[in-house]
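Accompanying notes for the structure given below.
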Amino acid sequence: MSAETTTPANDAVSAYDVDHPAPVIEAPRARTRKTPKTTRTNFEMYGWLFMRLSGIVLVVLVLGHLLIQLVLDGGVTKIGFAFVAGRWASPFWQAWDLIMLWLATLHGANGLRTIINDYAERDNTRLWLKGLLYTAAGFTIVLGTLVIFTFDPNIR
Amino acid sequence: MPAGTLYRGREGMWSWVAHRVTGVLIFFFLFVHVLDTSLVRVSPEAYDDVVATYKTPIVNLMEYGLVAAILFHALNGLRVIAVDFWSKGPKYQRQMLWSVVGIWAVLMLGAFYPILQHTLRELFGS
């Protein structure tokens, strides 16, 4: 092994020297004055973990819900105000539906957040789409929770 | 788009696409579903009126489609969890996808009559 073989082959034909310096390449995501001091949180990791944990619970809750509402006992035929009143008379099914509502909305909102981040390239578009998403998700959770807790079988 | 520049992945990519598409569809339905259910706070008649829409043949068929989307999303979601947490998950991801498709097809076949029985009875009598 001679010293020559370890020298990079293109060293002799380099286009740059003292008089012709190579262009400066900015580091990606360079820190600026606007960059917060701590840019690293574990938010995305917890989001990732939440999708998997809530997903497992939702498989049970949602498939059970579909089985009861759409498959067993005549399918969609039986559904009506009386059927809802009968089910929500039990705290067990109230809790089932409440947990399903919260987990499904948060799971879906986090999924859509990922999709918006992936496909909406302009900062403003992302801002507005996510604003709309969080508004819709918040509205859904609040409305659904109120409906479950204030349900009145003797409304008429 | 110039010919030949569209990336066509294999099972891994297409299951990822299907997971996204079904996820978005399910999320939009969830929003509608909470709105229609909230009519129980208006009056029994208002709720039964909107549920009558769910009993029409076309919407009944859409419910079967909804179940198809949810069932795929659920089974493929379990596969994603296995890929992430099971040491041999990445190695068997393709076999797991075809298992997902197989289980999905069997369950959808079994769910055909129970879900669409309302429409089938209405169209062809009991």
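Just so it is clear, none of the values below were taken in a lab; they were calculated from the coordinates. Nothing here was measured: the structure is a model prediction, and the numbers come from that model. Please note: Cβ atoms are built from the backbone with ideal geometry, for glycine as well, and neighbour counts cover all protein chains shown.
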What number of residues within the range A:89-109 are more than 11 Å from chain B (Cβ to nearest Cβ) and of a type outside the set (A, V, I, L, M)?
7
Being crowded, with 17+ Cβ neighbours inside 10 Å, in a helix (DSSP H, G or I) and over 21 Å from the mean Cα position of the chain (by Cα) narrows it down to one residue among B:66, B:39, B:30; which is it?
B:39
Would you check if there is a residue in the range A:77-90 being within 14 Å of residue B:27 (Cβ to Cβ) and among the aromatic types (Phe, Trp, Tyr)?
no
Number of positions in the range B:35-71 that are touching a residue at least 24 places away in the same chain (Cβ under 8 Å) and within 9 Å of another protein chain (Cβ to nearest Cβ):
8
Exactly one condition in (1) outside any helix (DSSP H, G or I); (2) within 19 Å of residue A:111 (Cβ to Cβ); (3) not small (Gly, Ala, Ser) is false for residue B:16; which is it?
(1)
